Amino acid sequence: MSTLGLIGSGHIGSTLARLGVAAGLDVVLSNSRGPETLAGLVAELGPRARAATPAEAAAAGDWVVVTVPLKNYRQVPVAPLAGKVVLDTDNYYPERDGRIAELDAEETTTSELLQRHLPDAQVVKAFNNIYYGHLAALARPSGASDRSALPIAGDDPDAKAAATRLLDLLGYDAVDAGPLADSWRFQRDTPAYVVPYAKNPQGLGISADDPGTSADAATLRAALAAARRG
């Protein structure tokens, strides 16, 4: 049995927890407010799920997803994540996170910041480019004709292979977008961010009630190639 650890249990975290349980994984959830605040979600998920502290979720996970506001990334526990594959969903929203000069100057990426904070973990960027409602709705079994693909980026080939296995279990193909330094290609306000999965895209955005549509690997690769900086 494999375990998915979640540091952060908001929209993306809770959606991944539901997909994980549906895939037969054990799930350990955590947030910044304490395990007791997750009782309702754990009850909904059933016996494969439990709530814990972030450090406990980090220690328990075969994969660990960090899905917290970027401004809080330095609060992610370091020691329990040594040697772990850490999937990072962070996006940079200056209005929420405050200005981060390195990101504004395009000198680094959000996942490189997390990798710097977690020097003994293997960080892979994933799950940040899809609206949580679409993440829930578009999961499909392996081999399905309408299966969607999600991009990943990372510096460690074995970690990317592990991330690809997790995506497959949760219902998605993976497209390798390169190292962490190239993860900007599917960050906020790029062609690969939310729009490929929208039935009725609105520029580079979507409406909250958009029903979603599948996006295969070819569609995603074209969106990644169209990304521009500056």
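Scanning the range 192-218 for residues being part of a loop (DSSP other than H, G, I, E, B), open to solvent by less than 60 Å² (accessible area, probe 1.4 Å), farther than 17 Å from T89 by Cα and not acidic (D, E) gives a total of 7. Restricting attention to the range 89-111, the residues that are within 15 Å of the chain's Cα centre (by Cα) and not polar (S, T, N, Q) total 2.
Could you please find all residues in the range 115-144 being aliphatic (A, V, I, L, M) and within 13 Å of the chain's Cα centre (by Cα)?
Residues satisfying the conditions are V123, V124, A126, I130, L135, A136.
The values are calculated or read from the model by the stated rules, or taken from the named source; none is laboratory data. Here the structure is a predicted model, which is why all the values come from computation and not from measurement. Each accessible area value is taken on the protein alone, full model and side chains, heavy atoms only, with ligands, DNA and RNA left out. Shrake-Rupley method; radii C 1.70, N 1.55, O 1.52, S 1.80 Å.
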